[in-house]
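Colleague: My questions all concern the structure below.
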Amino acid sequence: MVRQLKKKNQVVFYGPPGTGKTYTADQFAKWWLGQQVDGNLPDDRIERVTFHPSFTYEDFVEGLSAKTDADDQVAYEIEDGVLKRIRESAMRAFRDTPEGQDPPRYVLIVDEINRGNLAQIFGELITLLEADKRGDFEVDLAHSGETVTLPPNLYLVGTMNTADQSIALVDTALRRRFRFVDFPPDLDVVWSEDDEMSAPDPTAAITEPIDGTSAGEQLLGASVLAVRELNDRILQAPELGKGKQLGHTYLLGHASMTEIVDAWRYDILPQLEEYYFGQFERLRDDLLNETGERLIGWDEERIRSFGANDLYEALCDLAGIDDPLPLNTAVETG
């Protein structure tokens, strides 16, 4: 990530929902900038913004703001946007840095970067994003007419959910100014994050009698294997593909069976239903045929209110586990 940022000054983390893009962007920025200050990071070194369809150039760069004075007269003032504010801080730091030293780094995190009209939001600053124009090339801003450049110590990190849009649909002029870092699902993280797992892997949790293996661990193991199978099917399904796979964060941080059941009931299955909106037969035939009526009522076209046992059996069938162990309800988690 450091290498890509030093090359282009901008990167986009892209991948399916639930793969930790925003979390990683935030943690990476804190780590990378913290290296320069021994961990004592000033508040103004990282800015965060979320793009959306109503987000504009005026929000990002600068815009006109109406103010009323004491005589109730309306006057229009230039109001700086988030990029202009962090640009000014980075430029001051760059100019104050003694020759031969690395200037303090500044990072602007743009979450959901693909949900905004990028060409309109960046405006004339598209030109300044190029690394070889940093600090030298100048443009005049649309409202104030101020002449500005972008300093080389200002970096942009964007996140992009590929379930909403492919990177191929991002404006070409912007796409070539960013490096794109793929964030695929990594289900191994689910097992490796918890040092207290009794079973060495998800398959062992539901097929091998191991002392101390809890029902929650078994249900989590079945969930990991089922999501892996679902992702393989999503890759092969017409109109879906890798951008709509299920991310690993859906299964992280669950301390009990109830939380795992809720993750399926309220996160994962609704996400799959959205992919096949109004086409429950295709959802069943492409992805969930082995689950029967345990999770979704196909005639009613609605997700059922199911319990841990029904979910466990459905997931084991979905993952192709022929003879899974019964849930070990004698050993509970959480």
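The values are calculated or read from the model by the stated rules, or taken from the named source; none is laboratory data. Bear in mind the structure is a predicted one, so any value in this text is a computation, not a measurement. Cβ: placed from backbone, ideal geometry, glycine included. Neighbour counts: every protein chain shown. Each accessible area value is taken on the protein alone, full model and side chains, heavy atoms only, with ligands, DNA and RNA left out. Shrake-Rupley method; radii C 1.70, N 1.55, O 1.52, S 1.80 Å.
Colleague: Condition check: closer than 27 Å to Phe13 by Cβ, in a helix (DSSP H, G or I) and open to solvent by less than 50 Å² (accessible area, probe 1.4 Å). Does Pro185 satisfy that? Don't jump to the end; show me each part of the working.
Modeller: Numbers: closer than 27 Å to Phe13 by Cβ: yes; in a helix (DSSP H, G or I): no; open to solvent by less than 50 Å² (accessible area, probe 1.4 Å): yes.
When the stated conditions are applied, Pro185 does not pass them.
Colleague: Could you tell me how many of the residues in region 67-109 are polar (S, T, N, Q) and modelled with pLDDT of 90 or more?
Modeller: Keep residues of region 67-109 that are polar (S, T, N, Q), which gives 68, 73, 89, 97, 101.
Narrowing the set further to residues that are modelled with pLDDT of 90 or more leaves 89, 97, 101.
Residues meeting the conditions: 3.
Colleague: Could you check how many residues of region 21-42 are open to solvent by less than 70 Å² (accessible area, probe 1.4 Å) and not hydrophobic (A, V, I, L, M, F, W, C)?
Modeller: Applying the first criterion (open to solvent by less than 70 Å² (accessible area, probe 1.4 Å)) to region 21-42 yields 21-22, 24-26, 28-29, 32-34, 36-37, 39, 41-42.
Next, from what is left, pick out any that are not hydrophobic (A, V, I, L, M, F, W, C): 21-22, 24, 26, 34, 36, 39, 42.
Of the residues in that region, 8 qualify.
Colleague: Specify the residue that is farthest from Met160 (Cα to Cα); the eligible residues are those in region 29-57 that are part of a helix (DSSP H, G or I) and in contact with a Phe, Trp or Tyr (Cβ under 9 Å, 6 or more places away or on another chain).
Modeller: Residues of region 29-57 that are part of a helix (DSSP H, G or I), as a first pass: 29-34, 43-45, 57.
In the following step, the residues that additionally are in contact with a Phe, Trp or Tyr (Cβ under 9 Å, 6 or more places away or on another chain) were identified as 29, 32-33, 44-45, 57.
Working: Ala29: 17, Trp32: 21, Leu33: 22, Asp44: 24, Arg45: 22, Tyr57: 19 Å.
Residue satisfying both the conditions and the ranking: Asp44.
The rows are residues; the columns are (1) surrounded by 14 or more Cβ atoms within 10 Å (Cβ to Cβ); (2) modelled with pLDDT of 95 or more; (3) hydroxyl-bearing (Ser, Thr, Tyr).
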position	(1), (2), (3)
Tyr276	yes, no, yes
Leu288	yes, yes, no
Asp299	no, no, no
Arg302	no, no, no
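Colleague: Please specify each residue of region 116-139 satisfying the condition of being in contact with a strand residue (DSSP E or B) (Cβ under 8 Å, 6 or more places away or on another chain) and not in a loop (DSSP other than H, G, I, E, B).
Modeller: Hits for region 116-139 are Glu124, Leu125, Thr127, Leu128, Leu129, Val139.
Colleague: Can you name every residue in region 236-249 that is surrounded by 20 or more Cβ atoms within 10 Å (Cβ to Cβ) and assigned to a loop (DSSP other than H, G, I, E, B)?
Modeller: Matches in region 236-249: Gln245, Leu246, Gly247.
Colleague: Among (1) surrounded by 18 or more Cβ atoms within 10 Å (Cβ to Cβ); (2) touching an Asp or Glu at 6+ places or on another chain (Cβ under 8 Å); (3) in contact (Cβ under 8 Å) with a residue 40 or more places away in the chain; (4) not in a loop (DSSP other than H, G, I, E, B), where does Arg233 come up short?
Modeller: (1)
Colleague: If a residue has to be among the polar types (S, T, N, Q), without any contact (Cβ under 8 Å) to a residue 40 or more places away in the chain and open to solvent by less than 50 Å² (accessible area, probe 1.4 Å) to count, how many in region 49-96 make the cut? Spell out how you get there, then give the answer.
Modeller: Of all residues in region 49-96, those among the polar types (S, T, N, Q) come to 50, 54, 56, 65, 68, 73, 89.
If we keep only those that are without any contact (Cβ under 8 Å) to a residue 40 or more places away in the chain too, we end up with 54, 65, 68, 73.
When the remaining residues are screened for being open to solvent by less than 50 Å² (accessible area, probe 1.4 Å), the result is 65.
The qualifying residues number 1.
Colleague: Oh, and also: Could you pull out the residue among Val157, Val190 that is under 17 Å from the mean Cα position of the chain (by Cα), under 30 Å from Leu220 (Cβ atoms) and either buried (at least 17 other Cβ atoms within 10 Å of the Cβ) or in contact (Cβ under 8 Å) with a residue 24 or more places away in the chain (or both)? Don't jump to the end; show me each part of the working.
Modeller: Working: Val157 fails: under 30 Å from Leu220 (Cβ atoms).
Unique residue meeting the criteria: Val190.
Colleague: Would you be able to tell me the number of residues in region 205-230 that are among the aliphatic types (A, V, I, L, M), in a helix (DSSP H, G or I) and in contact with a Ser or Thr (Cβ under 7 Å, 6 or more places away or on another chain)? Reasoning before the result, please.
Modeller: The initial filter retains those residues of region 205-230 that are among the aliphatic types (A, V, I, L, M), namely 205-206, 210, 215, 219-220, 222, 224-227, 230.
Checking the rest, the ones that are also in a helix (DSSP H, G or I) come to 205-206, 215, 219-220, 222, 224-227, 230.
Going one step further and asking which of them are in contact with a Ser or Thr (Cβ under 7 Å, 6 or more places away or on another chain), we end up with 205, 215, 225.
The number of residues fulfilling the criteria is 3.
Colleague: Can you tell me how many residues within region 209-230 are closer than 15 Å to Ile268 by Cβ and either in contact with a Gly (Cβ under 9 Å, 6 or more places away or on another chain) or open to solvent by less than 10 Å² (accessible area, probe 1.4 Å) (or both)?
Modeller: First pass over region 209-230, keeping only residues closer than 15 Å to Ile268 by Cβ: 219-220, 222-230.
Narrowing further to those that are either in contact with a Gly (Cβ under 9 Å, 6 or more places away or on another chain) or open to solvent by less than 10 Å² (accessible area, probe 1.4 Å) (or both): 219, 222-227, 229-230.
The qualifying residues number 9.
Colleague: Here's another thing I want to ask about it. For region 106-138, give me the residue count where each residue is farther than 19 Å from Phe13 by Cα, of a type outside the set (A, V, I, L, M) and in contact (Cβ under 8 Å) with a residue 40 or more places away in the chain.
Modeller: Adding up the residues that qualify gives 4.
Colleague: Please return the ranges of helices (runs of 4 or more DSSP H) entirely within region 255-318 where 2 or more residues are over 14 Å from Ile234 (Cβ atoms). If you could, list the steps in order and put the result at the bottom.
Modeller: On the way: elements: 257-263, 269-275, 280-283.
Qualifying helices (runs of 4 or more DSSP H): 257-263, 280-283.
Colleague: Given the conditions (1) more than 23 Å from Ile321 (Cβ to Cβ); (2) modelled with pLDDT of 90 or more; (3) acidic (Asp, Glu); (4) within 23 Å of the chain's Cα centre (by Cα), report the number of the one that Glu281 does not fulfil.
Modeller: Against the list (1) more than 23 Å from Ile321 (Cβ to Cβ); (2) modelled with pLDDT of 90 or more; (3) acidic (Asp, Glu); (4) within 23 Å of the chain's Cα centre (by Cα), Glu281 comes up short only on (4).
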